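Enquirer: Mind having a look at this structure? Questions to follow.
The values are calculated or read from the model by the stated rules, or taken from the named source; none is laboratory data. Everything numeric in this text was worked out from a predicted model, so none of it was measured. Here Cβ is always computed from backbone atoms with ideal geometry, including for glycine, and neighbour counts include all displayed protein chains.
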């Protein structure tokens with residue numbers, strides 16, 4: 001894992017753990033539905049950071065017979081589990097609690113506790129968000145935050161950023177609902193706050209699930225990497241044409257590359273093998289993340305021996321793709 005991702009996860013873990021304990025204490029004193037929803041939310045977030053660290057640990061295992069391509073995709077799987085936990089334990093529970101309190105409202109007690117705890121939680125959550133944001137900024141590369149979340153192949157920072165963003169908005173909602181409940185002496189505002197927090201968490205969890213499921217199914221490498229791979233293949237003198245190229249992101253720093261390449265038909269078998277090795281070296285130099293390489297040699301049909309690179313381009317459509 002990138003050191004920045006690790007730092008963001010650790011900061012979020014301890015911040016959420018402290019917030020969860022403080023919110024639950026406030027709930028015991030106040031009985032506020034929004035405080036209970038927020039305490040469960042923070043507890044879920046704490047567990048989620050643990051799941052992200054577990055995914056990283058499992059992803060570092062070397063390939064074996066049952067997983068010859070390694071375990072790098074574990075990071076995507078556990079990030080997807082995080083989305084499910086956030087949806088069920090955070091969002092659905094908060095919605096249930098809000099509906100229950102709307103149907104059976106009761107007066108709030110010791111609201112000062114809740115206000116103090118919410119302020120404390122906002123400070124810790126802001127620290128966690130600031131840490132994640134500072135680690136993310138160098139990786140944006142001119143992209144917006146949403147573009148970064150949709151395009152990055154590393155799951156940890158998007159998860160932490162979305163969780164922290166949802167948590168900060170949820171804290172504001174909880175504070176607003178609790179304040180209105182105190183001013184109007186109507187506990188249904190607090191219940192409405194819990195309901196709003198639940199819907200917010202469902203939205204955040206859905207975004208995470210969509211992005212992580214895409215990586216789990218198997219996304220291709222980033223367009224910039226694909227362009228570098230194509231350019232590297234073209235540098236090998238014995239390559240006449242790249243017939244087709246397939247890539248798949250096995251992990252944030254692990255790309256599988258499968259290419260069908262037309263080589264000079266006059267080459268002997270040892271010369272073809274040497275040309276393939278040279279092509280692999282060029283690809284790895286251009287894209288170090290391309291750890292799994294599979295190059296299938298072929299010839300361009302309809303060309304005589306000694307066909308030139310220029311002639312190969314004209315006959316690409318006639319090449320077989322067996």
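Enquirer: Would you pick out the residues in segment 216-225 that are in a helix (DSSP H, G or I) and either under 14 Å from residue 293 (Cβ atoms) or in contact with a strand residue (DSSP E or B) (Cβ under 6 Å, 6 or more places away or on another chain) (or both)?
Expert: Once the filter is applied, which keeps residues that are in a helix (DSSP H, G or I) and either under 14 Å from residue 293 (Cβ atoms) or in contact with a strand residue (DSSP E or B) (Cβ under 6 Å, 6 or more places away or on another chain) (or both), segment 216-225 yields only 225.
Enquirer: Restricting to segment 257-295, count the residues that are part of a strand (DSSP E or B) and surrounded by 13 or more Cβ atoms within 10 Å (Cβ to Cβ).
Expert: Count: 12.
Enquirer: Kindly check whether there is at least one residue in segment 107-126 that is in the same structural domain as residue 154 (by TED's automatic domain parsing) and within 29 Å of residue 59 (Cβ to Cβ).
Expert: Scanning segment 107-126 turns up at least one residue that is in the same structural domain as residue 154 (by TED's automatic domain parsing) and within 29 Å of residue 59 (Cβ to Cβ).
Enquirer: Okay, next question. Mind checking which helices (runs of 4 or more DSSP H) fall wholly inside segment 65-180 and carry at least 3 residues that are free of Cβ contacts under 8 Å to residues at least 12 places away in the same chain?
Expert: In segment 65-180, the matching helices (runs of 4 or more DSSP H) lie at 111-140.
Enquirer: Which is over 27 Å from residue 115 (Cα atoms) and outside the structural domain of residue 30 (by TED's automatic domain parsing), of 211, 156, 135, 236?
Expert: 236
Enquirer: When residues of segment 201-211 are filtered for being surrounded by fewer than 21 Cβ atoms within 10 Å (Cβ to Cβ) and in contact with a helix residue (DSSP H, G or I) (Cβ under 6 Å, 6 or more places away or on another chain), how many remain?
Expert: Qualifying residue count, segment 201-211: 2.
Enquirer: Quick test of your reading of the structure: residue 229 fulfils all but one of (1) in contact (Cβ under 8 Å) with a residue 60 or more places away in the chain; (2) outside any helix (DSSP H, G or I). Name the failing condition by number.
Expert: It fails just one condition, (2).
Enquirer: Residues in segment 236-256 that are more than 17 Å from residue 296 (Cα to Cα) and not in a strand (DSSP E or B): how many?
Expert: Summing the residues that are more than 17 Å from residue 296 (Cα to Cα) and not in a strand (DSSP E or B) in segment 236-256 gives 2.
Enquirer: What residue, of 99, 183, is modelled with pLDDT of 85 or more and either more than 17 Å from residue 36 (Cα to Cα) or not assigned by TED's automatic domain parsing to the domain that holds residue 87 (or both)?
Expert: 183
Enquirer: Which is farther than 16 Å from residue 8 by Cα, buried (at least 20 other Cβ atoms within 10 Å of the Cβ), at pLDDT below 85 and touching a helix residue (DSSP H, G or I) at 6+ places or on another chain (Cβ under 7 Å), of 157, 195, 178?
Expert: After applying the criteria, what remains is 178.
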